[in-house]
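Engineer: Below: one structure in C-alpha cells.
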Amino acid sequence: MAGIDNNSNEQEVKTPKNFIHQQIIEDLAAGKNDGTVHTRFPPEPNGYLHIGHAKSICLNFGTALKFGGLTNLRFDDTNPTKEDVEYVDSIQEDVHWLGFDWGDRLYYASDYFEKLYDFAVTLIKRGKAYVDFQSQEIISEQRRTPTQPGIESPYRNTSQEENLQLFEKMRSGVFEEGECVLRAKIDMTSPNMHLRDPLLYRILKQTHHRTGDQWCIYPMYDFAHGQSDYWEGITHSICTLEFEIHRPLYEWFVNELADTNYRPRQIEFSRLNLSYTVMSKRRLLQLVKEGYVNGWDDPRMPTICGLRRRGYTPEAIRAFADMVGVTKVDGVTDVAVLEYCIREDLNKRVQRVMGVLNPLKVVITNYPEGVVEEVDAINNPEDESMGKRKVPFSRIIYLEKEDFMENPVNKFFRLAPGREVRLRYSYFIKCNEVIKNDQGEIVELHCTYDPETKGGNAPDGRKVKATLHWVSEANAVKADVRLYDRLFTDPDPAGHKDKDMLEFLNPDSLKVLKDCYIEPFVRNAKALDNFQFERLGYFNVDPDSESGKMVFNRTVSLKDSSKK
RNA sequence: UGUCCUGUGGUGUAAUUGGCAACACGUCUGAUUCUGGAUCAGAAGAGUUCAGGUUCGAGACCUGACAGGACAACCA
C-alpha cells in the first residue's frame, strides 16, 4: 500500500468553491452543529472503487479539510448477499492511496445492527412500524404507481404488542426468507414512493462478512444510513443525486430517532460520467467476471487500482476532481479532461527515457566497431534538479520505424535518404543507404555520423529539422510492451444495454508489442514507476507483470497520435 | 395525468447582496524548442432552453411553457 499523502492541506486551498461549500457556510453562519463540519465516505463493499468514487472521496474529505472538520470511512454493509472482505480491503487501500486518511474513524453499518434493531422496536412501540406477511408482489402492487395513491396493507393495523412479538420472531429465525418484512407506517398515498410504508427489515438467512450468522434480518439502506450518520455525528451527508428522492425518508427516520436538536443534513450532487467510460459497478463486475479484462485492476478499467497500474498519480486524480467541480447537473465529462490532468502532472515529475517500440536497425558506418561511449542525457528538460544520466551509444542503433520514410511526404521532417537529423543528446547522422530484403521491406539503414556534432550541436551552426530518439543495440533492454488504449470506442458505452455495450469494446485496447528496445537505465530504475518515452508517450513499469514488461499509456500523451 | 431535481460556448464549471457572461478542457492558427511533446502568443465558439413579467438594468427574482433526469428493488 502506498503511503498517505499529507499534502492534502495545500490542495484544499485551491479547491474551487461549490454549492455544497456555500450551504455549509450558510449552516455555519446559522450557528448549526457548533461550527463543526463532519462528513463521511460510505461505500458498500460490493466492488472496487472507481474514478467516480474518487470524485466523492475528494469531495467528502476535501470539504471536511476545507472547514477544519473530519471525515469517517463507513462501510454500508447492510446486504450480505453482495458484500465481501476483498472489497473492504481494496477500498481502504484505494482511499489511502488517493491521499486521504480517516484516522481511527473506520465504521461499519453492521456495527449498528443492534442499535438499529432497538430503534425499530421503538418505532413499533410508537405504532409506526409493523410486520407485513404479504408477498413481495402484493406489496409492490399495493404501492401502485407514482401517479396513483397506494393501498394500505391489511397488516398495517396489527397491534403493537403483536408486532413486537412478530418482529422478535423474525429476528430469532422463526420465519423464512420472504415470509414477512418490517415496514414503517408512513403514508401510502404520498406522491413520493419512498414514503409509501418503506421496508425496514427483510429476512436474509445469509452469512455476513462481519457479523457472520448472528443475524437473519438485515436493515435496508434507508433504515440504516441516516441513523448511522446521526450516531456518528455527521453534519453533512453528501451523496449522489439518485438519493435525492430518499431525503424526506432520511429526515423522517432521523426525526424519529433524534433526542437533540442536532440533525445530519443530506446534500446531493451529480455523479461523475466520463465519455468512453463505463462506470457502473454492476457492469465493471461483468467485464471482470466474463473475462473482457484481466481483473479489477486491469489498466483499462476506470477503477482506482486500474488507473494506479496505468500510471495515474493520486495528485492527478485529485486535480481532476477539483477540475470537474460539483453541481446537480448530470452531464458527461470528456475523458480528455482526465487525460489532461495526468499528462500535466507526469510532465513535470517523470523521468524521460528513450525507447523504440518498432525497431529499425541503423548501422553508423563511420563509427568504430566495438566502441561504446556514453552521452549525457537530461532526465527532465522541465526540471533541472532531476539531473542527467549516461546513455550508451554505439555503431549499431535502433530507430523507430516510423521515424524513417524512404520517400518523405510533404511536412515529414524526420529521417530520409540523404537527409541529416539529430540523434537526441548524441550526434547528427545522415542516411546514405537503404537496405531491403527480398520482399522489398526496409530492414536496415546505413548512415554516417558527424563526430563534430557530439552532444547534439554542429560547430558550424547548421540546423536539422528533427531530433530522434534511439537506443544502442548492444546495450538496450529488450522488452515486451503492453500498449493500452481506451476499452470502449463509443463515447457513451454506458448509454446502451449491457450486451450492446460489449459491441463497443475496442479490439485494440490491449496490444502486446514484442521486441521493443528500451534504454538500459529503465532496468535499474523501476522504483520511479513512471517514465516518459521521448516523443512517444508515458509508460510505467508494471510491478505486477513479468519482469521487463511495460504498461504503455497511449491515450495519455499521444495527443496528436490521431492527426497527421 | 403525479412528485422532486436540473437547464449558461462542443464539454465541464464561474459570474459578490440583480450591473456590459469568466475560466478550464477540446478545436483551430502562428511562434519557439534537442520529443511532431511541453511552452508561448492568438483565434473561433454561448448572449445564458423558450415566452411573458418586475426593474434604469435579469443568467440570477416571479409566472407559465418546453426539454432532460430521478422515483413504482425484500439493492445501495
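The values are calculated or read from the model by the stated rules, or taken from the named source; none is laboratory data. These numbers were taken from a predicted model, which means no experiment stands behind them. Ideal geometry is used to build each Cβ from the backbone, glycine not excepted, and the neighbour counts take in all protein chains shown. Side chains included, ligands, DNA and RNA excluded: accessible areas come from the protein's heavy atoms. Shrake-Rupley method; radii C 1.70, N 1.55, O 1.52, S 1.80 Å.
Engineer: Would you mind getting the accessible area per residue of chain A, heavy atoms of the protein chains only, 1.4 Å probe, in Å²?
Structural biologist: Working: 25550 Å² over 564 residues.
Roughly 45 Å² per residue, with all protein chains present.
Engineer: Continuing with this model, one more query. Leaving ligands, DNA and RNA out of it, report the carbon-plus-sulfur percent of the accessible area of chain A at a 1.4 Å probe.
Structural biologist: 47 percent
Engineer: Counting pairs of alpha carbon atoms under 8 Å apart in space and at least six apart in sequence, what relative contact order in percent does chain A give?
Structural biologist: 11 percent
Engineer: Also: Over the Cα atoms of the stretch A:297-414, each weighted equally, I'd like the Debye log10 I(q)/I(0) at q = 0.20, 0.22 Å⁻¹, rounded to two decimals.
Structural biologist: -1.16, -1.22
Engineer: Work from the charge dipole of chain A (Cβ charges, +1 for Lys and Arg, -1 for Asp and Glu, about the Cα centre) and give the residue of A:L257, A:V335, A:N163 farthest towards its positive end.
Structural biologist: Farthest towards the positive end: A:V335.
Engineer: Could I ask something else about it? Placing +1 at every Lys and Arg Cβ and -1 at every Asp and Glu Cβ, with all other atoms neutral, what dipole size does the stretch A:100-223 have around its Cα centre, in debye to the nearest 20?
Structural biologist: Dipole about the Cα centre, nearest 20: 280 debye.
Engineer: Could you state the number of Å between the C-alpha centres of the stretch A:333-390 and the stretch A:130-178?
Structural biologist: 68 Å
Engineer: Here's a follow-up. Can you tell me which of A:328-334, A:18-24 comes out highest on packing, and rank the rest after it, using the mean Cβ neighbours within 10 Å?
Structural biologist: Top to bottom by mean Cβ count within 10 Å: A:18-24, A:328-334.
Engineer: With a 10 Å radius around each residue's Cβ, average the other Cβ atoms per peptide and rank A:47-56, A:356-365, A:145-154, highest first.
Structural biologist: Top of the packing list down: A:47-56, A:356-365, A:145-154.
Engineer: Helix-only estimate, please: 222 nm mean residue ellipticity of chain A, summing -39500 (n - 2.57) across DSSP H runs of length 4 or more and dividing by its residues, to the nearest 500.
Structural biologist: The per-residue figure over chain A is -8000 deg cm²/dmol.
Engineer: What figure in square angstrom, to the nearest 10, would you give for the accessible area of A:C447 with a 1.4 Å probe?
Structural biologist: Per-residue accessible area (A:C447): approximately 0 Å².
Engineer: Restrict the search to the stretch A:129-218; then list the trypsin sites (Lys or Arg not before Pro) that DSSP places in a loop and that have at most 15 other Cβ atoms within 10 Å of their Cβ.
Structural biologist: Those satisfying the criteria are A:R144, A:R156, A:K205.
Engineer: Positive end of the charge dipole of chain A (Lys, Arg +1 and Asp, Glu -1 on Cβ, about the Cα centre): tell me which of A:I217, A:N475, A:Y201 has its Cα farthest that way.
Structural biologist: My answer, from the dipole projection, is A:N475.
Engineer: Something else: How much accessible surface does A:L106 have with a 1.4 Å probe, in Å² rounded to 10?
Structural biologist: 50 Å²
Engineer: Which of the three applies to the stretch A:102-143, rounded, prolate or oblate, going by the alpha-carbon gyration tensor with a ≥ b ≥ c and a/c under 1.5 meaning rounded?
Structural biologist: The shape class here is oblate.
Engineer: Between beta-carbons, use under 11 Å as the cut-off and find the net charge around A:V372, counting Lys and Arg +1, Asp and Glu -1.
Structural biologist: Numbers: positive: A:K390, A:R395; negative: A:E369, A:E373, A:E374, A:E473.
In short, -2.
Engineer: I would also like to ask the following. So what's the angle, to the nearest 10 degrees on a 0 to 90 scale, between helix A:247-257 and the longest Cα principal axis of chain A?
Structural biologist: The answer is roughly 50 degrees.
Engineer: Here is a further query. Tell me the Kirkwood radius of the stretch A:245-306: reciprocal of the mean inverse pair distance over distinct alpha-carbon atoms, in Å. Present the calculation step by step, with values, prior to reporting the outcome.
Structural biologist: Numbers: mean 1/r = 0.0671 Å⁻¹.
Over the stretch A:245-306, the inverse of the mean reciprocal pair distance is 14.9 Å.
Engineer: Hey, another quick one. Between the DSSP loop rule and a limit of at most 13 other Cβ atoms within 10 Å, which GluC sites (Glu not before Pro) in the stretch A:404-452 are left?
Structural biologist: Answer in residue order: A:E406, A:E441.
Engineer: Hey, if we sort A:M220, A:M323 by accessible area with the 1.4 Å probe, largest down, what's the order?
Structural biologist: A:M323, A:M220
Engineer: One-quarter of the Cα convex hull surface for chain A, in nm²?
Structural biologist: So the Cα hull casts an average projection of 31.7 nm².
Engineer: For the Cα atoms of chain A, what angle does the longest principal axis make with the long axis of helix A:335-349, in degrees from 0 to 90, nearest 10?
Structural biologist: For A:335-349 against chain A, the angle is about 60 degrees.
Engineer: Let me check against my output: what whole-number percent is the relative contact order of the stretch A:330-474, with C-alpha pairs under 8 Å and at least 6 apart?
Structural biologist: Numbers: 281 pairs, mean separation 37.5, N = 145.
For the stretch A:330-474, the relative contact order is 26 percent.
Engineer: Please report, in debye to the nearest 20, how large the charge dipole of chain A is about its Cα centre when each Lys and Arg carries +1 at its beta carbon and each Asp and Glu carries -1 there.
Structural biologist: 1340 debye
Engineer: Given the options A:I139, A:I91, A:N366, identify the residue whose Cα lies farthest towards the positive end of the charge dipole of chain A (+1 on Cβ of Lys, Arg; -1 on Cβ of Asp, Glu).
Structural biologist: Selected residue: A:N366.
Engineer: Right, here's the next one. For the stretch A:243-347, which GluC sites (Glu not before Pro) are both in a DSSP coil and crowded by at most 14 other Cβ atoms within 10 Å?
Structural biologist: Listed in order of number, the matching sites are A:E290.
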